[in-house]
Structures are given as C-alpha cells and as structure tokens.
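Structure first, commentary second.
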Ligand code: PAF
C-alpha cells in the first residue's frame, strides 16, 4: 500500500458525510497515497441488540460509493475476522467516556476504542479521519492516541448536513416520514440557543433552557441529554469563556440521533 495512508473507519451505510471524509482523505494523502475505507458494523460498540440487528448494511452500494469517491481499497471484515471467539482484551477510556452518550450507552466507547485501535494496528496508517458529528468519539480517540502514544495523526472533519440542517447519519434512513420532517428541529434548537451568544449571553443556563424549550415543541422527540460542555474536556461549563459545545441526543421512536454546535465566546 502506497504511503502515506489515510484510514476512513466507517460502519457502512455510507452517506454524503462519509464521502466527504473519503475526499478529504484523498486531499490529505495526494494522488500517490492510499485512501483505505473500513466498513465494519462493530458488535462490541452496540449496547442494544436490536440496534445492532437493525443497523443498515447495504454493502454493494457502499462499495460502489467508495469507488466513486476515490477510495483505493475497502476493508470489510466479518465479525469473526475481527474478534477471536475468546477475545479478552479491550481498550477503555475512563474519563471522557463517562458522560453524555457514554452515560447512556454503557460499554459503547470501549467497543469503539477497541475496534479503532485494531484498525490502526492493521493498517499502520499515518492518518485517520473521523466526522466531528460524533464529537465525543473524536475526543476519546484523540485521547487514546495521546495516552497510548499511537503513531497516527487524527483528522476531524466538519459535520455534513442535509439542506434542511439535519446532520447526516446512517440512522436517518430509519426515521418515519413524520420523524424525518421533525428532525431538522434538532439543529434549529441548537442554532436558536447558540444565537443567544450573539446577543451577549455567556451563562450556560439560559442557553440550555432555550434549546430545551425549542425541543419540547418537537413532540415526538424524546431527549436523552442537552448539555453545554467544554470542547476539549467535555466537562459541563457554567460560563462560556473557552470553546464549548452545545450538544444533544435523543430518540425518535427507537432511533437515536445526536447533534451539536460549536460555541465560541467571541461569537
Ligand atoms: O463512527 C463510526 O462509524 C464508528 O464508531 C467507528 C469509528 C467506525 C468505529 O466502529
């Protein structure tokens, strides 16, 4: 495999957001480098069996999309190739993963760290690229790389949105037409609350209240969390002085969606 190599780890069901990662990977490594996409629905990171079973797996379509986006190779292993039947070693991050999505999904980030480290070791990639939409995942992977001295550079890529603002996600296809029509209100809630910063608000309380108030009008959405956290430590912040994230997660039916918006005090 020609170097440098940029790995694009995915679970398939590729959408425009993933394709943007593949194109950005190509830009990073140039025409002579290698862009490798992994497609693996990692059982270890699913806390709900039904979610794992229902996860879309359109492999043929994904392979065609990878090729069209300019990937050089796709690695699509079976669970049995990634995990020995009696595997017993995992990688856990123990601080950043205790809050937000980690609090609601026990073991999820251990599954993510374990599979991502396996992929890093298999590819020995110079670079790996991840979407910023999964901001907690990105922060945890950066922490793993820092704390375990993994020789790789992690690139974060901005969230790609539908024209109505909904963050692209492989789970969006599971929304009913009514839920899909309501889903853009997640980003609208975040944007409306973030707008308070432009008016001079720096206290987290009113910003959180504004987002919750807006979401409460999205009748079919069940909030898991709405949080205002430091962009680096993911600790809750009371006053916005450093880059922060206003983040939310919740459910339309059994479909879990997340989104966030970056906040800067100089907004
Ligand atoms: O973001 C994802 O799709 C997955 O969590 C990842 C990084 C591919 C690990 O399975």
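The values are calculated or read from the model by the stated rules, or taken from the named source; none is laboratory data. Everything quoted here is computed from the prediction, not taken from an experiment. Virtual Cβ from ideal backbone geometry, glycine too; neighbours counted across all protein chains shown.
Numbers below:
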item: Which numbered condition residue 184 fails, given (1) surrounded by 20 or more Cβ atoms within 10 Å (Cβ to Cβ); (2) away from the ligand (no atom under 11 Å from the Cβ); result: (1)
item: Residue check, residue 121 within 11 Å of the ligand (Cβ to nearest atom), surrounded by fewer than 20 Cβ atoms within 10 Å (Cβ to Cβ) and either in contact (Cβ under 8 Å) with a residue 40 or more places away in the chain or in a helix (DSSP H, G or I) (or both); result: no
item: Boolean, residue 101 is part of a helix (DSSP H, G or I) and closer than 26 Å to residue 36 by Cβ; result: no
item: Which listed residue is under 23 Å from the mean Cα position of the chain (by Cα) and surrounded by fewer than 15 Cβ atoms within 10 Å (Cβ to Cβ), from 237, 173; result: 173
item: Residue identified as surrounded by fewer than 17 Cβ atoms within 10 Å (Cβ to Cβ), touching a helix residue (DSSP H, G or I) at 6+ places or on another chain (Cβ under 8 Å) and at pLDDT 95 or above among 202, 161; result: 161
item: Subset of segment 133-179 (residues that are outside any loop (DSSP other than H, G, I, E, B), touching a residue at least 60 places away in the same chain (Cβ under 8 Å) and either under 22 Å from residue 229 (Cα atoms) or more than 16 Å from the ligand (Cβ to nearest atom) (or both)); result: 135, 136, 139, 155, 157, 167, 179
item: Strands (runs of 3 or more DSSP E) contained in segment 1-90 and holding at least 2 residues within 11 Å of the ligand (Cβ to nearest atom); result: 5-10, 34-39
item: Condition met for residue 209 (more than 15 Å from the ligand (Cβ to nearest atom), more than 18 Å from residue 7 (Cα to Cα) and part of a loop (DSSP other than H, G, I, E, B)); result: no
item: Residue 103 vs. criteria more than 17 Å from residue 12 (Cβ to Cβ), touching a residue at least 24 places away in the same chain (Cβ under 8 Å) and touching a strand residue (DSSP E or B) at 6+ places or on another chain (Cβ under 7 Å); result: no
